[in-house]
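Q: First, the structure itself, so that you have it in front of you.
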Amino acid sequence: MRFLLSLIDPDDAATVRARLRIDPPSESSESSESRLDGRVARELRLLWPPRAVLLWMLEQDDPVMNEFVFHHMEPSDTIKRDIVRGVPFGAAPGPLQVTWTCERPRCSHEEPEIPVSPLGLIGGLRQARSMSTARAATRAVSKADWPEVAEADRVEPLPGFTRWALSSRIDCPPELRVQFGSHPKFAHRQRRDGIVEPREYAARSTPARFVLGVLHLGTRLFPERANEAAELLAPLVRRDLGANPEAWAALAQVLPTFSGPAPELVRTCGASTDV
């Protein structure tokens, strides 16, 4: 509800909140350091977010966010290694400043050891003949290695298992996924594995209450990406719900049990109050 209300005129949103007795958004003075902790991570995990959320957070190239991901979001060893090395996942020039504030026991900041095939990075990728060996080989691929991987695939297509293991990495460049192929079954598998863009997530993922909960947290954790989803939903919310308290009341009533995606929820509740 809070995420959707943020998409309409502030005065209209205040009227709806007053009618439905929804507390206004708090003006938090917390620093980014104090608001990112295990509680936030648990709250996010309870909403079953797509794996792409991890990348959306890292794309901000914020050392504080990177530490949060490192300690609380269970990234792969490959992602952890890049974080320790200060590798940027967004547009910032690297290397990034790496800061550690965690002082808990067993709070290690060491770079994970990831073995490379005796045949080298590309040789190991070409040698893979099963999904398990492909996943092991792709662990060695750092962000700086993606151009080399893409060029090797253009020279001679990599094995199918290797292509799939690479494309399942959240940090696989979108253009390389396109290079690997765009078959509908391939796209379906990617969505199933949580590799989605924010607009697609907002438009298609279910149930709506989980999606909206993730996007609400995203206004703090990955604001730029959350805004992409907001741009998709805002016109629909303004058209079908707007400042109509009855439509918002209907939404509040059906949201806990609604199994469809967010756009369907908005359209359904808007239509329920049409005369």
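Q: So, in nm, how far is label residue 40 from label residue 193 when the simple model puts each one 7 Å beyond its Cα toward the Cβ?
A: Spacing of the two 7 Å Cα→Cβ label points: 2.8 nm.
Q: Rank these by accessible area, largest first, 1.4 Å probe: 76, 205.
A: Largest accessible area first, the list is 76, 205.
Q: Rg(Cα) of region 49-99 divided by 2.2 N^0.38 Å?
A: Rounded to two decimals, the normalised Rg is 1.00.
Q: Any chance you could give the angle, 0 to 90 degrees and rounded to 10, that helix 208-221 forms with the longest Cα principal axis of the chain?
A: Taking the Cα atoms of the chain, the angle to 208-221 is about 70 degrees.
Q: Please compute the Cα-Cα pair-distance distribution of region 43-188 with 5 Å bins starting at 0, giving whole percents from short to long.
A: 2, 9, 18, 20, 19, 16, 10, 5, 1, 0
Q: If you don't mind, there's one more thing I want to ask. Taking the C-alpha atoms of region 139-275, how large are the radius of gyration and the largest Cα-Cα span, Dmax, in Å?
A: 19.2, 62
Q: Which cysteines does the chain leave without a neighbouring Cys Cβ under 4.7 Å?
A: 172, 269
Q: For the chain, with all protein chains present and a 1.4 Å probe, just round the carbon and sulfur fraction of the accessible area to a whole percent.
A: 52
Q: So, one more: Please give the calculated 222 nm ellipticity per residue for the chain, where each DSSP H segment of at least 4 residues contributes -39500 (n - 2.57) and the sum is spread over every residue; nearest 500 deg cm²/dmol?
A: Helices in the chain give a 222 nm mean residue ellipticity of -16500 deg cm²/dmol.
Q: Something else about it: Could you bin all the Cα-Cα distances of region 200-275 into 10 Å bins starting at 0 and give me the percent of pairs in each, rounded to whole numbers?
A: The distribution over region 200-275 is 20, 52, 26, 2, 0, given as percents.
Q: So if I place +1 on the C-beta of Lys and Arg and -1 on the C-beta of Asp and Glu, and nothing else carries charge, what would the dipole magnitude of the chain be about its Cα centre? I want it in debye, nearest 20.
A: Around 1060 debye, computed over the chain.
Q: Moving to a separate point now. In Å and from the alpha-carbon atoms only, list the Rg and Dmax of the chain.
A: Computed over the Cα atoms of the chain, radius of gyration and Dmax are 21.3, 71 Å.
Q: At 1.4 Å probe size, with every protein chain present, just tell me what the per residue accessible area of the chain comes to in Å².
A: That works out to 54 Å² for each residue.
The values are calculated or read from the model by the stated rules, or taken from the named source; none is laboratory data. Bear in mind the structure is a predicted one, so any value in this text is a computation, not a measurement. With ideal geometry, Cβ positions are generated from the backbone for all residues, glycine too; neighbour counts draw on all protein chains shown. Areas reflect the complete protein model, heavy atoms only, side chains present, ligands, DNA and RNA absent. Shrake-Rupley method; radii C 1.70, N 1.55, O 1.52, S 1.80 Å.
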